[in-house]
Structure formats: C-alpha cells, structure tokens
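The values are calculated or read from the model by the stated rules, or taken from the named source; none is laboratory data. If you're wondering where the values come from, they're calculated on a predicted model, not measured in any experiment. In this analysis, Cβ positions are derived from the backbone assuming ideal geometry, glycine residues included, and neighbour counts consider all displayed protein chains.
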Amino acid sequence: MPHTEKPLPPLRVLVVDDDPDTATSQFDLLTLCGFVVKAVTDGDTALRVVHEFRPDVILTDLMMPGISGIELARRITATGVSPPPFLVAVTGCYGDDLRASEGSGFDLVLIKPVDPEVLISTLRRIAANRK
C-alpha cells in the first residue's frame, strides 16, 4: 500500500499595509492562489488579528502610521505566539529605514513592487517547509 501524506491545510497569511489598494490586491491575489488570507490596514488591528487568526505568515509594510511594521514585528516576536509566524517585510524602503528592520524579528524582506510570481513562490516554499 503506498504511503500517502495528509495534505497540509492552506497557509494562513495576514497582509498588513496602510494602503488599502495594496492590501486588497494582495488579499485578492493570495486568495485566488488558495491561501487563507486576512488583510488589515494598520498595526493595531494586526496585533488583534494575530491572536484570533493565528497566521502562518505575516506580510507587512514597514512604514505605516501608528504602529510601524518594525514595531509590529517586535511586538509579535515579544508575545511568544506559538508557533511564531514567518514575518515578511514588504516595503519600498531603502537605506536607514530598511536597516532599522534588522533585528526586529523579520525572516525575510521583499522590496516593492514585489513580482506576484515571486510572492506566490515564496509563500509556497514557506508552506512546503512548515511542520
């Protein structure tokens, strides 16, 4: 009898971007590709959603009013959420702002505009490496 593994549930992705068009377009793209997605437009809401939604991956902009993506990553890392989400900065920032993200808990940084194929293949690799 061949060994068949039970397929993993779809990757749960939280999109955080203060630009509603960006949040919506990423939501639509990722949903069409079979991911379970929530999209929010601020860090405060993201902190609440993390505990309810339990995302496997968080895609967050760095520069947002209120709680920045950098502060969001620090707070999520500090809460000790288990299992911790894979944190991805999706940003148009360069230089000092990007260097400020180092040590904030991000696992990966993608520079805007992110090619949709790159984003999808990145998420599929993350899903394949989940335990």
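Data table
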quantity: Checklist (1) assigned to a helix (DSSP H, G or I); (2) out of contact with any helix residue (DSSP H, G or I) (no Cβ under 7 Å at 6 or more places or on another chain); (3) at pLDDT 90 or above; (4) of a type outside the set (K, R) applied to L72, failing item; calculated: (2)
quantity: In the range 90-106, residue modelled with the lowest pLDDT [restricted to those that are in a loop (DSSP other than H, G, I, E, B) and not polar (S, T, N, Q)]; calculated: G95
quantity: Selection status of V109, in contact (Cβ under 8 Å) with a residue 60 or more places away in the chain and part of a strand (DSSP E or B); calculated: no
quantity: From E71, E52, E117, residue being out of contact with any Asp or Glu (no Cβ under 7 Å at 6 or more places or on another chain), more than 26 Å from P9 (Cα to Cα) and either charged (D, E, K, R) or without any contact (Cβ under 8 Å) to a residue 12 or more places away in the chain (or both); calculated: E71
quantity: When residues of the range 23-43 are limited to those that are assigned to a helix (DSSP H, G or I) and of a type in the set (V, I, T), the one farthest from R12 (Cα to Cα); calculated: T24
quantity: Some residue of the range 26-40 being of a type in the set (D, E, K, R) and either touching a residue at least 12 places away in the same chain (Cβ under 8 Å) or buried (at least 21 other Cβ atoms within 10 Å of the Cβ) (or both); calculated: yes
quantity: Lone qualifier among L123, L110, L87 - being modelled with pLDDT under 95, within 22 Å of D21 (Cα to Cα) and not β-branched (V, I, T); calculated: L110
quantity: All positions within the range 44-61 that are in a loop (DSSP other than H, G, I, E, B) and either surrounded by 23 or more Cβ atoms within 10 Å (Cβ to Cβ) or touching a Leu at 6+ places or on another chain (Cβ under 6 Å) (or both); calculated: P55, D56, D61
quantity: Yes/no for A78 being without any contact (Cβ under 8 Å) to a residue 24 or more places away in the chain, part of a helix (DSSP H, G or I), closer than 23 Å to P9 by Cβ and out of contact with any helix residue (DSSP H, G or I) (no Cβ under 9 Å at 6 or more places or on another chain); calculated: no
